[in-house]
1. Filter the stretch 244-269 down to the residues that are open to solvent by 70 Å² or more (accessible area, probe 1.4 Å) and touching a residue at least 40 places away in the same chain (Cβ under 8 Å) and list them by number.
2. Name the pairs whose Cβ atoms lie under 8 Å apart, with the first residue in the stretch 201-229 and open to solvent by 10 Å² or more (accessible area, probe 1.4 Å), the second not in a helix (DSSP H, G or I), and 6 or more positions between them or separate chains?
3. Taking the stated definitions as given, is L241 part of a helix (DSSP H, G or I), within 21 Å of D170 (Cβ to Cβ) and open to solvent by less than 70 Å² (accessible area, probe 1.4 Å)?
4. Taking the stretch 299-319, which residues are touching a strand residue (DSSP E or B) at 6+ places or on another chain (Cβ under 8 Å), open to solvent by 40 Å² or more (accessible area, probe 1.4 Å) and part of a helix (DSSP H, G or I)?
5. Out of all the residues in the stretch 154-182, which are basic (K, R) and in contact (Cβ under 8 Å) with a residue 40 or more places away in the chain?
6. Looking only at residues in the stretch 238-289 that are of a type in the set (G, A, S) and under 20 Å from the mean Cα position of the chain (by Cα), which one is nearest to T317 (Cα to Cα)?
7. When you look at L185, is it open to solvent by 40 Å² or more (accessible area, probe 1.4 Å), assigned to a helix (DSSP H, G or I) and either acidic (D, E) or without any contact (Cβ under 8 Å) to a residue 40 or more places away in the chain (or both), yes or no?
8. Test of understanding: among S54, S49, S15, which residue is in a helix (DSSP H, G or I) and either of a type in the set (F, W, Y) or in contact with a Lys or Arg (Cβ under 7 Å, 6 or more places away or on another chain) (or both)?
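The values are calculated or read from the model by the stated rules, or taken from the named source; none is laboratory data. Since we're looking at a predicted model, the values are computed, not measured. Note: ideal-geometry Cβ built from the backbone for every residue, glycine included; neighbour counts use all protein chains shown. Heavy atoms of the whole protein, side chains included, go into the accessibility calculation; ligands, DNA and RNA do not. Shrake-Rupley method; radii C 1.70, N 1.55, O 1.52, S 1.80 Å.
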Amino acid sequence: MSEAQQKRSDPDEDSRTTVTVYVALGANLVIAVAKLLGGLFSNSPALLSEAAHSVADSLNEVFLLASLKRSARAPDAKHPFGYGKERYFWSLLAAVGIFVMGGCFSFFQGIEALRSDGSETRTGYAVVLAVLGVALLAEGSSLVRALVQIRGNARRASRGMVHEIRAGDDPALRTVLAEDSTACLGVVLAVVGVGLHMLTGDIVYEAWASLLIGALLVFVAFQLASQSRDQLIGEAADPVLRSEIHEFLDKQREIDMVSTLLTMRLGTRSTLVAVRVDLVGGMDSEEVEEVLVRIKSDMTHRWPLADQVFLDVTEATSMDRARAAGERRELDATVEAQGARERGEGEGT
């Protein structure tokens, strides 16, 4: 098993992620109240947009905590492959929450501000900037916590932080990172909008800040939803893991060729592996059964992440062999490209 895959199956990772989510939830609750009160007092559209953003993030953290708890349930008769995909479902709901509660409300605030000619008092400006300053500190602290966890994951997996972030193996951690990064950028946009409004007396700058915050939230929500959708539909395992399994099977003397290798991630620590193999001739039924049991046992021992392994014996045709050879070349090319990208990212960090 590769080191990256071994670390990804670390059960302690859930505990670290839970702490990260609680930190983000606490920060967002405090910030949401401060932004809402400050926005109502100053009538600042940018601050009200940020308040909606923080409310959406707080609700999303509740979704993520639910996903961490529910995805850990053991398999049962109704869900024989476990509840690992609960994480992907609740992460999808979090993305919808960012879109509806954050993005849409920010657009509404921006449009309303463009239609008005309101201006804030000096006290109002001071309140807005003070609240945004506190929000930036709180959001930054939560972001640092998420980045520290990601850095630890990257170090244990022997890969760069950029690749670790891009891999997005844990949807809960990925969502927290996206929320905190967006929140910090949103606060900066709000500060710029309020500052220009204060200097010029023109509310259009705050209005555009709200619209930009809305566009940012919609973009982030779309990216998170797209990733969750792929995982809910059924995403293949990491190419490196697939390549390692293929090489292991190719080395088994009883296997003539691997006709088909299919994988699907069932959660952060569970992967389904379905393989069609053509065995060498001359074995009776008992020998075939012993070989399959041994190979399956060796696979689950080498790759604990691959906890659902199914082996099917088939007689490969010439077309099957040609297709399998093409798929193997494509997989090797993908692994090589991924390795080159990781090496480049490692040199850049």
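1. As a first pass, look at the stretch 244-269 and keep what is open to solvent by 70 Å² or more (accessible area, probe 1.4 Å): 247, 250-251, 253, 256, 262, 269.
Listed by number, the residues that qualify are D256, R269.
2. Hits for this filter: G201/S119; I203/S116; I203/D117; I203/G118; I203/S119; Q227/G168.
3. Working: part of a helix (DSSP H, G or I): yes; within 21 Å of D170 (Cβ to Cβ): yes; open to solvent by less than 70 Å² (accessible area, probe 1.4 Å): yes.
So L241 passes the test.
4. T300
5. As a first pass, look at the stretch 154-182 and keep what is basic (K, R): 155-156, 159, 166, 174.
Of everything in the stretch 154-182, those that are basic (K, R) and in contact (Cβ under 8 Å) with a residue 40 or more places away in the chain turn out to be R156, R159, R174.
6. Going through the stretch 238-289, the residues of a type in the set (G, A, S) turn out to be 243, 259, 267, 270, 274, 281-282, 285.
Add one more test, that the residue is under 20 Å from the mean Cα position of the chain (by Cα), and what stays is 267, 270.
Working: G267: 34, S270: 32 Å.
Taking the candidates together, the pick is S270.
7. On the way: open to solvent by 40 Å² or more (accessible area, probe 1.4 Å): yes; assigned to a helix (DSSP H, G or I): yes; either acidic (D, E) or without any contact (Cβ under 8 Å) to a residue 40 or more places away in the chain (or both): yes.
Yes; evaluated as a whole, the condition is true for this residue.
8. Working: S49 fails: either of a type in the set (F, W, Y) or in contact with a Lys or Arg (Cβ under 7 Å, 6 or more places away or on another chain) (or both); S15 fails: either of a type in the set (F, W, Y) or in contact with a Lys or Arg (Cβ under 7 Å, 6 or more places away or on another chain) (or both).
Going through S54, S49, S15 in turn, just one is in a helix (DSSP H, G or I) and either of a type in the set (F, W, Y) or in contact with a Lys or Arg (Cβ under 7 Å, 6 or more places away or on another chain) (or both): S54.
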